Amino acid sequence: MAGFRSDFLRILEERGFIYQCTDPEGLDQLFQSQRVVAYVGYDCTADSLHVGNLLTIMMLRWLQRTGHRPIALVGGGTTKVGDPSGKDESRRLLSDEEIARNKQGILRSLSKFLDFSEGGALLVDNAAWLDELRYIPFLREYGRHLTLNRMLTFESVRQRLEREQPLTFLEFNYMVMQAYDFLELARRYDCRLQMGGSDQWGNIVCGIELAHKKERRRLFGLTCPLLTTASGAKMGKTARGAVWLNADKLSPFDYWQFWRNTEDADVGRFLRLFTELPMDEIARLERLRGAEINEAKKVLAFEATRLAHGEDEARRAAEAARALFEGGGGDVAAVPVVEIRRSELGDGLPVVELFTRAGLTRSNGEARRLIRGGGARLDDLRIEDERMVVTPELFQRGEIKLSAGRKRHVRIRLRED
């Protein structure tokens, strides 16, 4: 796939976003001829998006930057069913209240990357049409255009069946509903393109086929790769869980640190995908070797944090990291804080429990292993005894600093009851 002439597709291709496209030549011609409306769907399964969503978010951002109109479709309707794509088991069904709360959190995530002012990006909830459907008329009108034979060939369904994992009839309807979403967005907003991760390919193709069979509409699909790091880890997953985009779920400092800890082999690729730096500047940073690669990682961390949290927070995080790791002074206020009530502390808490409560380890056993390996510190002093108890006397300044290795730090603040 090469030779795109439209700005949007050319940028996506040279930066490594494109994995599959239903009709590359036709889509390129469409982008050269008009302002295109395109969408990505996000189900309301959590109250923040995360780094795993960033590829599609950046695709929407580049779409808007090149003069086209993005739609962020939130799945107020489809979340009530649950997408089986990439899952070995059914998702937990959420209440209407949980879905509404999550929808607002997703809007906060997206608002950092997209301009939702008048004439700009649109936030659309598919509950607007899915909640109003009458089941039997819907099946008669649209279900007859989507065959089980075709749906069973798609990877998201086939993998679940091959693994002998249950696929409920409720979940099987998800593909039909997402196909209908595409048709409805085409009707309402002249949306011509659906984008998503490669695990959404089957759902996207279903929507294109439905629109063609039902109304002879010509729609397009474009997917990005599902990223893993150079070591094979799933992108956006850490020992502490998902790398959230909203500051109330993950501090800007921790977000900065996530990008700073990128593996050497991933730096150039991540600069292309997750920043807006010019390609010649990325090429220069990619050529750095040895200790100099750390400067490229700092640029990646700053640029990625600037997009998600703003320039001020990115600078504060960079200064805090410099103060902690390089002794360069700066604002340590950006280091995450975990509060503990004085009554909870009592006469003292085991230090292994404090590491776990701070989110630096997943269990007390992991905390003990960290201490035995020499990687645990309290106020920059190595902890030698895994049976150590943290007492109120250690909080002379009202807080202490716990460190797991050289790069992960949390301030534990004592709060009066």
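The values are calculated or read from the model by the stated rules, or taken from the named source; none is laboratory data. Predicted model only: the values in this text are computed from it and were never measured. Cβ placement follows ideal geometry from the backbone for every residue including glycine, while neighbour counts extend to all protein chains displayed. Protein only, heavy atoms only, side chains kept; ligands, DNA and RNA dropped before computing areas. Shrake-Rupley method; radii C 1.70, N 1.55, O 1.52, S 1.80 Å.
Among the residues of segment 165-187, is any of a type in the set (D, E, K, R), farther than 20 Å from T79 by Cβ and modelled with pLDDT of 75 or more? Yes, some residue in segment 165-187 is of a type in the set (D, E, K, R), farther than 20 Å from T79 by Cβ and modelled with pLDDT of 75 or more.
Criterion first (in a loop (DSSP other than H, G, I, E, B) and within 18 Å of the chain's Cα centre (by Cα)) does S109 satisfy it? Show your work before the answer.
Values: in a loop (DSSP other than H, G, I, E, B): no; within 18 Å of the chain's Cα centre (by Cα): yes.
It is false that S109 is in a loop (DSSP other than H, G, I, E, B) and within 18 Å of the chain's Cα centre (by Cα).
In the set (1) modelled with pLDDT under 95; (2) more than 28 Å from R316 (Cβ to Cβ), K237 fails one condition alone, (2).
Results for (1) under 25 Å from A233 (Cα atoms); (2) outside any strand (DSSP E or B), shown as yes or no for each residue.
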residue	(1), (2)
E14	yes, yes
I18	yes, yes
L30	no, yes
G41	yes, no
D47	yes, yes
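Among what's in segment 240-285 and is aliphatic (A, V, I, L, M) and under 18 Å from V335 (Cβ atoms), pick the residue that is surrounded by the most Cβ atoms within 10 Å (Cβ to Cβ). Let's see the steps before the verdict.
Narrowing segment 240-285 to residues aliphatic (A, V, I, L, M): 242-243, 245, 247, 250, 265, 267, 271, 273, 277, 279, 282-283, 285.
Adding the requirement that they be under 18 Å from V335 (Cβ atoms) leaves 243, 247, 250.
Working: V243: 21, A247: 18, L250: 25.
Filtering segment 240-285 for residues that are aliphatic (A, V, I, L, M) and under 18 Å from V335 (Cβ atoms), the one surrounded by the most Cβ atoms within 10 Å (Cβ to Cβ) comes out as L250.
Selection of segment 14-33 for residues being open to solvent by less than 80 Å² (accessible area, probe 1.4 Å) and over 18 Å from W201 (Cβ atoms) yields R15, D28, L30, F31. Of the residues making up segment 358-374, those that are within 14 Å of V410 (Cα to Cα) and either of a type in the set (S, T, Y) or over 28 Å from the mean Cα position of the chain (by Cα) (or both) number 1. Of the helices (runs of 4 or more DSSP H) lying entirely inside segment 331-407, the ones with 2 or more residues being crowded, with 18+ Cβ neighbours inside 10 Å, without any contact (Cβ under 8 Å) to a residue 60 or more places away in the chain and at negative phi are found at 351-357, 364-372. Screening the candidates E399, E416, E353 for the property of being at pLDDT 90 or above and of a type in the set (D, E, K, R) yields one hit, E353.
Sort out which residues of segment 9-50 are small (G, A, S) and either touching a residue at least 12 places away in the same chain (Cβ under 8 Å) or touching a Pro at 6+ places or on another chain (Cβ under 9 Å) (or both), and write them in order of number. So that I can check it myself, show each step before the final result.
Of segment 9-50, the ones small (G, A, S) are 16, 26, 33, 38, 41, 46, 48.
Hits for segment 9-50 are G16, G26, A38, G41, A46, S48.
Scanning segment 356-384 for residues that are among the small types (G, A, S) and within 21 Å of L250 (Cβ to Cβ) yields A358, G359, S363, A367.
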